[in-house]
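Taking it in order: structure first as structure tokens, then the write-up.
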Amino acid sequence: MNNKKQAITIKGTKDGLTFIIDETSSLELIMKELETKLSSKVVDQDQPMVKVNIDLGNRYLSNEMKEELLEIVRNKQNLVINEITSNVLTKEEAQEWYEELEISTITRIVRAGQKLHVKGDLLLIGDVNPGGSVSATGNVYILGRLNGIAHAGIDGNQEAIIAAAYMNPTQLRISGFLSRSPDFETEGLFMECAYVDQKTEQILIDRLQTLTTIRPGLGSIERRMING
Amino acid sequence: MGEAIVITSGKGGVGKTTTTANVGTSLALLGKKVCLIDTDIGLRNLDVVMGLENRIVYDVVDVVQERCRVKQALVRDKRFDCLHLLPASQTSDKSAVTPEGIQRIVAELKQDYDYILIDCPAGIEQGYKNAIAGADKAVVITTPEKSSVRDADRIIGLLEKEEGMESPHLIINRIRTHMVKSGDMLDINDIVEVLAIDLLGIVADDDEVIKSSHHGEPVAFQPNTKASISYRNIARRILGESVPLMSLEEDKGMMAKVKKFFGIKS
Ligand SMILES: Nc1ncnc2c1ncn2[C@@H]1O[C@H](COP(=O)(O)OP(=O)(O)OP(=O)(O)O)[C@@H](O)[C@H]1O
Ligand SMILES: [Mg+2]
């Protein structure tokens, strides 16, 4: 066995520690080396919690294998796992990711009692009538009148927004947040967007133009890769 | 080969039966051969509005269950030779009729009549499914009330999924101009904008309608009440004429829409 070649390289950064895992070493070796390295030197017990990032390089690990790895690190009291990164995706993950990134363009009227759901962003060309509802895991864009319910970021993305050419919804939902129309009758507004304001933890409605400041680069691949 | 049109609404009591009777009568006035079918099993009405109750021998359930032929069950109108009614049953329940049964009857009647008008029961259950089964076209009735428009929207959504059915047409019934003006009822533009289907006609809320139904004589016979003119206009539009909306019918037109879009109130 080649002793010079390390299976795990540990680097200190200002964000904590990064464990760089050698791509070519066997898993068995990696686990063993992790055990020894962690029990020997790295951290002394009096220090505050240290964040650990694990960089797998071009290696793919199944969820069970990741879990095993995490177990070893977690057993050391003052280490917390921040992130595991890998350059590799399975086909299924890539497919799912692609769907999340996609924007579905749909031309129709969503009428009373009808529900429309898409993965990724929804671009609806048409109205959502009272009693109709649309939802997406990403953003909801409506080129028409929103008179019903819209739910963006339905799987938990709080950054998701809802934009409509005419905004007069009965309810807006973003991730787990909800806002409903006032109990008095209102005229709708043209060219509006809704988003979650992290400070007040509320859904706010504003002119479409504010998106350039609150969500710059909305819909760009990089941004969505981070959120995805 | 005739055309079968189902008159439907979702919500009850908005004027399906009244519309079927009056549009049917108007088409007959224009010289067409018309057959009306009442599919509201257990709650038959159409015969009463037409004043034909005393002539009923067989009904649609008898035909579906093959106790008689279609022709035997048809009731001839007392005013027109070319207007006939296939009445609903008063006793049986809805399950006595199937979509296939109605389809078969409609197909047979289409051989002999120019128009078959099918009066649909309220709701979206079995009775509705029976009524639409044989239809080529659908007319959706709504009143200018929110709940009624909502149900019309629901029905339009369902009708759009039916294969072989043309996009439905809309009749707005019981319009009260003063309430629309005061903003206590939806206006025609708002309704058409939401439902986004072609408008076949509008009918004012008119006491004459109630009076004439009471006497078993559809209002469409009267020469010049607001409602009778509306019904005859609807019939002419069904025949393909382009008849402008009459003036109660207050169409504010494009200009109003444009203004609204820019948020200027007229
Ligand atoms: N334009 C009108 N003006 C005044 N009254 C009307 C008008 N249209 C219908 N009506 C009245 O409204 C009531 C309900 O009408 P109708 O029976 O035609 O409704 P429907 O939709 O067939 O009801 P159901 O769902 O019970 O079958 C009747 O009393 C009728 O006379
Ligand atoms: Mg009726």
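The values are calculated or read from the model by the stated rules, or taken from the named source; none is laboratory data. What you are looking at is a predicted structure, and each value in this text was computed from that prediction instead of being measured. Cβ sites come from the backbone with ideal geometry, for glycine too, and all protein chains shown count toward neighbours. The area values use the complete protein model at the heavy-atom level, side chains included, leaving out ligands, DNA and RNA. Shrake-Rupley method; radii C 1.70, N 1.55, O 1.52, S 1.80 Å.
Observations, loosely collected:
- The contact between chain A and chain B removes approximately 1100 Å² from the accessible area (both sides summed; 1.4 Å probe; ligands, DNA and RNA excluded).
- Per-residue mean of foreign Cβ neighbours for A:111-124 is 3 (Cβ atoms of other chains, 10 Å radius).
- What you get for chain A, charging only the Cβ of Lys and Arg (+1) and of Asp and Glu (-1), is a dipole of about 240 debye around the Cα centre.
- Looking at segment A:95-227, the DSSP beta bridges with both ends there are about 35 percent antiparallel.
- 1.4 Å probe accessible area per residue over segment B:3-262, in Å²: 44 Å²
- Think of segment A:95-227 as having a plus end and a minus end, set by charges on the Cβ of Lys, Arg, Asp and Glu; of A:G188, A:A152, A:N129, A:N129 sits farthest toward the positive end of this dipole.
- Residues along segment B:143-161 losing 10 Å² or more of accessible surface when the other protein chains are present rather than the chain by itself (probe 1.4 Å): B:K146, B:R150, B:D153, B:R154, B:G157, B:E160, B:K161
- Rounded if a/c under 1.5, otherwise prolate or oblate - segment B:3-262, Cα gyration tensor axes: prolate
- Taking every DSSP bridge with both residues inside chain A, close to 35 percent are antiparallel.
- For segment A:95-227: accessible area per residue (Å², 1.4 Å): 50 Å²
- Ranked packing of B:180-192, A:133-145, A:179-191, most packed first, by mean Cβ within 10 Å: A:133-145, B:180-192, A:179-191
- Which listed pairs, of B:K11/B:K33; A:K11/A:K51; B:K33/B:K211, have C-alpha distances above 18 Å, in listed order: B:K11/B:K33; B:K33/B:K211
- Across the protein chains, with a 1.4 Å probe defining accessible surface, the residues B:S9, A:S104, A:S39 rank A:S39, A:S104, B:S9 from largest area downward.
- Pairs of alpha carbons in the protein assembly as shown separated by more than 38 Å make up 48% of all such pairs.
- Going from the chain on its own to the full set of protein chains, segment B:169-195 has these residues losing 40 Å² or more of accessible surface (heavy atoms, 1.4 Å probe, no ligands, DNA or RNA): B:E193, B:V194.
- This model, with +1 at the C-beta of Lys and Arg and -1 at the C-beta of Asp and Glu, gives the protein assembly as shown a dipole about its Cα centre of some 660 debye.
- Shielding by partners, peptide A:126-132 (average Cβ within 10 angstrom, other chains): 4
- Direction-averaged projected area, Cα convex hull, segment A:98-225: 7.3 nm², rounded to one decimal.
- Buried on assembly, segment A:136-185 (at least 40 Å² less accessible surface than by itself, 1.4 Å probe): A:R145
- D_trans [Stokes-Einstein, Kirkwood Rh over alpha-carbon pairs] for chain A, 20 °C, 1.002 mPa s, µm² s⁻¹: 104 µm²/s
- With 29 Å as the limit on Cα-Cα distance, the pairs of B:K71/B:K137; B:K16/B:K110; B:K16/B:K181; B:K32/B:K94 that go past it are B:K32/B:K94.
- For segment A:8-85, the per residue solvent-accessible surface stands at 61 Å², with DNA, RNA and ligands left out and a 1.4 Å probe.
- With every protein chain in place and a 1.4 angstrom probe, the accessible-area ranking of B:I155, A:I106, largest first, reads A:I106, B:I155.
- The fraction of accessible area contributed by carbon and sulfur in the protein assembly as shown is 50 percent, rounded to a whole number (1.4 Å probe; ligands and nucleic acids excluded).
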